[in-house]
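Read through the structure below, which is laid out as structure tokens, and then see the notes.
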Amino acid sequence: MAVGNGLILYHILGLASCIALVYFSLGEVDLRDALPSLPFSGGASRAAAASLPFVERRGKRLFLDGRPFYINGWNSYWLMDLAVEPNTRPRVSSMFRTAVSMGLTVCRTWAFNDGSYNALQLSPGHFDERVFKALDRVVAEASEHGVRLILSLANNLDAYGGKRQYVRWAWEEGVGLTASNDSFFFDPAIRDYFKVYLKTLLTRKNHLTGLEYRDDPTILAWELMNEPRCTSDPSGDTLQRWMEEMSAYVKSIDKKHLLTVGTEGFYGPTSSQEKLNINPGEWFPNNYGADFIRNSKIQDIDFASVHVYPDNWLQHASLDEKLKFMTRWITAHVEDGDGELEKPVLVTEFGLSHQVEGFEDAHRDVLYRAVYDIVHGSAGRGGAAGGALVWQLAAEGMEEYHDGFSIVPSERPSMMRLIKEQSCRLAAVRYGEEGARKVLKTVCA
């Protein structure tokens with residue numbers, strides 16, 4: 001009987017492996033539907049994910065498996081949204097394959113969708129399991145492709161619900177202090193809403209891998225919020241208190257993963273006048289409640305984040321003026337990481353819109369190369385620049401998700417070459433020239 005049962009199990013596992021291969025290749029097969037009678041029992045996906053080392057911080061640098069880790073990454077905020085429906089899941093698979101073909105190693109994406117279409121959180125503390133399983137797929141497929149994820153946990157903007165949705169929920173339930181969107185940061189009821197969401201997400205058990213998110217090394221880091229701002233308190237105190245409270249709460253649940261705030265990098269009241277002078281355009285006199293140095297010094301924050309959009313921030317500026325600003329902006333923040341912060345600094349968003357007057361693809365090449373050069377130069381001397389993630393990459397046939405910044409790599413050969421070159425340069429810093437060619441065989445050959 002023991003032998004017979006073993007043979008039966010052998011054939012079942014063989015069938016499961018075949019179905020898993022189809023799923024991760026095509027993105028159209030849902031394992032839970034294909035194998036409804038088979039409980040998860042520690043298969044290959046779980047073993048592969050669980051055996052991965054976590055990315056960690058040592059001083060001002062990131063490390064992975066004992067070596068300094070420098071990120072050439074990208075943003076595709078829409079992964080969970082498109083992983084919900086079977087007919088759009090192939091785009092998720094396509095994006096991962098394309099990214100890996102260029103040597104990209106980290107993707108930043110949304111792990112939130114509050115109260116809108118395909119909402120993950122339908123109302124405070126109530127979640128759509130269908131959408132949660134879509135996020136499971138994103139995490140599992142990232143692991144299959146050797147990609148790490150930075151998962152953002154909320155949005156300052158209205159897209160995908162944002163802080164406005166939390167305020168609306170509190171107001172509708174009669175517990176909100178005010179209808180101001182900034183009450184997200186100071187209303188006790190709303191802060192409790194957000195903590196329920198955080199705990200639910202961090203302790204979520206992936207239905208494909210069997211791992212809780214807090215135990216999955218595929219996730220490189222959590223990001224508290226995309227571009228947090230609190231315009232009603234330019235002193236920065238309200239936003240700082242929220243960051244301190246939520247970062248401590250996340251770390252009380254998950255001490256394995258890195259954590260960042262998600263700031264754009266605006267200098268605030270605690271910074272010197274020299275630093276304040278670096279703030280661009282309308283952000284020069286108004287930091288919108290952000291305070292880069294103070295925010296990034298929070299004990300539970302592992303690395304600082306910076307965004308840069310020279311065409312949005314410096315409207316009507318020439319290409320040369322944008323280039324000078326972008327170089328100064330990123331360099332200043334990397335210097336902060338090297339010095340006062342002693343923490344890694346990641347450029348988690350940078351981009352140039354094709355909708356800007358006089359746009360040429362060559363302009364993107366010039367500006368993006370400047371970002372890459374700063375990161376590579378810092379990496380070469382063991383500095384604080386931990387990497388850069390372009391905003392944003394898209395798969396083919398995704399025009400409805402284009403925002404002016406979207407790049408379909410297959411349609412922009414010069415950008416593909418530039419991204420590949422950066423992947424190889426950073427791999428050479430990590431492994432040496434010969435090692436980089438071995439690790440990224442098809443990219444750096």
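One table, with the values for the structure above:
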read-out	value
Expected 222 nm ellipticity per residue - DSSP helices of 4 or more, -39500 (n - 2.57), all of the chain, to 500	-13500 deg cm²/dmol
Unit charges on C-beta of K, R, D, E only; dipole of the chain, Debye	1520 debye
In nm, spacing of pseudo-spin labels at S180 and N118 (7 Å Cα→C-beta vector)	3.5 nm
Kyte-Doolittle at least 0.5, axis length at least 20 Å by Cα - qualifying DSSP helices, the chain	2-26
Segment E212-Y401, length gained on full extension (0.36 nm per residue, minus Cα span)	65.1 nm
Gain in span if fully extended, E340 to A248, counting 0.36 nm per residue against the direct Cα distance	31.0 nm
Spin-label pair S232/N312, simplified geometry with 7 Å Cα→Cβ offset, distance in nm	2.3 nm
Spatial separation of Cα centroids for region 133-157 and region 290-334, in angstrom	25 Å
Neighbourhood net charge (12 Å Cβ-Cβ; Lys/Arg +1, Asp/Glu -1) for A189	-2
Percent antiparallel among DSSP beta bridges (both partners in the chain, rounded to 5)	20 percent
Cβ-based charge dipole, the chain, positive-most Cα from V390, G351, Y70	Y70
Spin-label pair Y431/R97, simplified geometry with 7 Å Cα→Cβ offset, distance in nm	2.2 nm
Charge context of D158, other residues only, Cβ under 15 angstrom, K/R +1, D/E -1	0
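Values in this text are rule-based calculations from the coordinates and carry no lab data. Keep in mind that this is a model prediction, so the values were computed, not measured. So basically every Cβ, Gly included, is an ideal-geometry build from the backbone, and we count neighbours across all protein chains shown.
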